[in-house]
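The values are calculated or read from the model by the stated rules, or taken from the named source; none is laboratory data. Source: prediction; values computed, not measured. Cβ coordinates were reconstructed from backbone atoms using ideal geometry, including for glycine residues, and neighbour counts include every protein chain displayed.
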Amino acid sequence: MKVLVVEDDRALGMFLQKGLRAEGHHVEWVGDGDAAVEKATEMQPDLMVLDLSLPNRDGVEVLAELQGHFAETAVLVLTGRSQVEERVKCLNMGADDCLLKPFSLHELIARCRAILRRKSHHVSPILKHGMLEMNRMDRKVLRGGVEVELTTKEFALLEFLMLRGGDCCSRTELLMDVWKMSPDAETNVVDVYINYLRKKLSHAHLDGVTSEPIIETVRGEGYRLTGSRASSGAIKIAARASGPRMAAA
Amino acid sequence: MQRRAEMLKRIEKQLHDLCQPLTTLQCRLELGAMCADEASLLEAVQGGLQETEKLFAGIGAMRESLQREMSRMHESEDVEE
């Protein structure tokens, strides 16, 4: 998921960014109200973590701007002010939740998870492809019912491939969307991680008995998942040009 | 009455000023514990000490205004006697 952190305290902003990145989100951080609106326009975040005390344009003004133009973006408000009226005002203006400072990073992450879970309530967080099953909320992957432990990057790579069903994904696309790197970057990181994934997914299946390869190389093009296509009820999954995310049918 | 309102406003601001470094400290330490490698833990401790300095300054300001209010209270008690 794409998350925008808006916090004028640089150190705190960086820690929130690190903590949410460790959760596997794509996270950007800005330090003032004007930059928040500008960045939100550019990245269309799924979630904004918004501090109220901001230079240039305060959090309430940002919230008002969001209400008009970014109805799809969920908002978690952070505040150090203890007045209940202020929190009520923010919730009435469209914020999804408020968190009073000081708070624990674990609580912030859990609240973000809850907001995103509610937000995607109408869309199943489960992606399926043959024997492969991914829960994007719990960040769990199963192959044939066996859990596969993946790193954040491996998870993001597999998520991108699964969102594409059985369609081919080029190395350039993977480099840009999963690693946020330039298409000209001279690196074999995609091939290395595809190999990691292949190994982990094959080990997880049938207790060491050789299984069907789940990721296929398309010569001169890239990679794709083999076998039957994705299914998750009546939900149509689409990978957007700006990165993978869910879309309701 | 007006002085009381001013005092409450000041306490509110001082509490707000304590919240920021305390949140940063909490998040720094939790992130350090999550990473758990030596470099992350060292960074968390060093950064944590910077945040405690800010907390000390905040507590100093609160103590100062408390002492000011207490001496004002004693003065008014003396006048009443």
*asked:* Which count do you get for residues in the range A:68-86 that are farther than 22 Å from A:Lys18 by Cβ and more than 14 Å from chain B (Cβ to nearest Cβ)?
replied: 5
*Taking strands (runs of 3 or more DSSP E) that fall entirely within the range A:17-105, which contain at least 1 residues that are under 17 Å from the mean Cα position of the chain (by Cα) and more than 21 Å from A:Arg117 (Cα to Cα)?*
A:26-30
*asked:* Based on this model, can you work out whether B:Gly60 counts as within 11 Å of chain A (Cβ to nearest Cβ) and not hydrophobic (A, V, I, L, M, F, W, C)?
replied: no
*Inspect all residues belonging to the range A:6-16 and state whether any of them is in a strand (DSSP E or B), within 14 Å of another protein chain (Cβ to nearest Cβ) and at pLDDT below 95.*
no
*Scan the range A:148-198 for residues that are among the aromatic types (Phe, Trp, Tyr), in a helix (DSSP H, G or I) and at pLDDT below 90 and jot them down.*
A:Phe160
*Write out, first by first residue and then by second, each pair whose Cβ atoms fall under 8 Å of each other, whose residues are 6+ apart or on separate chains, and whose first residue, in the range A:169-194, is surrounded by 15 or more Cβ atoms within 10 Å (Cβ to Cβ) while the second is among the acidic types (Asp, Glu) and modelled with pLDDT under 90.*
A:Ser170/A:Glu221
*Right, A:Ala110: farther than 23 Å from A:Ala22 by Cα, surrounded by fewer than 18 Cβ atoms within 10 Å (Cβ to Cβ) and among the small types (Gly, Ala, Ser) or not?*
no
*If we keep just the residues of the range A:113-149 that are without any contact (Cβ under 8 Å) to a residue 60 or more places away in the chain and of a type in the set (Lys, Arg), which is surrounded by the most Cβ atoms within 10 Å (Cβ to Cβ)?*
A:Lys140
*Filter the range A:19-28 down to the residues that are within 19 Å of B:Ser40 (Cβ to Cβ) and buried (at least 20 other Cβ atoms within 10 Å of the Cβ), then identify the one that is farthest from the other protein chains (Cβ to nearest Cβ).*
A:Val27
*asked:* Given the criteria closer than 30 Å to A:Leu54 by Cβ, among the hydroxyl-bearing types (Ser, Thr, Tyr) and at pLDDT below 90, does A:Ser120 qualify?
replied: yes
*asked:* Residue pairs, Cβ under 8 Å, 6 or more apart or interchain, first in the range A:88-101 and within 14 Å of chain B (Cβ to nearest Cβ), second among the hydroxyl-bearing types (Ser, Thr, Tyr) and assigned to a strand (DSSP E or B). List them.
replied: A:Cys98/A:Thr79; A:Leu99/A:Thr79; A:Leu100/A:Thr79; A:Lys101/A:Thr79
*Which of (1) closer than 30 Å to A:Gln83 by Cα; (2) more than 10 Å from chain A (Cβ to nearest Cβ) is the odd one out, the single condition B:Glu38 does not satisfy?*
(1)
_B:Leu22 - would you say it is within 14 Å of another protein chain (Cβ to nearest Cβ), free of Cβ contacts under 8 Å to residues at least 40 places away in the same chain and either assigned to a helix (DSSP H, G or I) or among the hydrophobic types (A, V, I, L, M, F, W, C) (or both)?_
yes
_Take the conditions over 30 Å from A:Leu54 (Cβ atoms) and not hydroxyl-bearing (Ser, Thr, Tyr) and apply them to B:Arg4. Does it pass?_
yes
*Please tell me if B:Glu51 is within 11 Å of chain A (Cβ to nearest Cβ), exposed (fewer than 15 other Cβ atoms within 10 Å of the Cβ), of a type in the set (D, E, K, R) and within 30 Å of A:Leu16 (Cβ to Cβ).*
no
_So in the range A:39-54, with the set limited to residues that are within 14 Å of chain B (Cβ to nearest Cβ) and touching a residue at least 40 places away in the same chain (Cβ under 8 Å), which one is surrounded by the fewest Cβ atoms within 10 Å (Cβ to Cβ)?_
A:Ser53
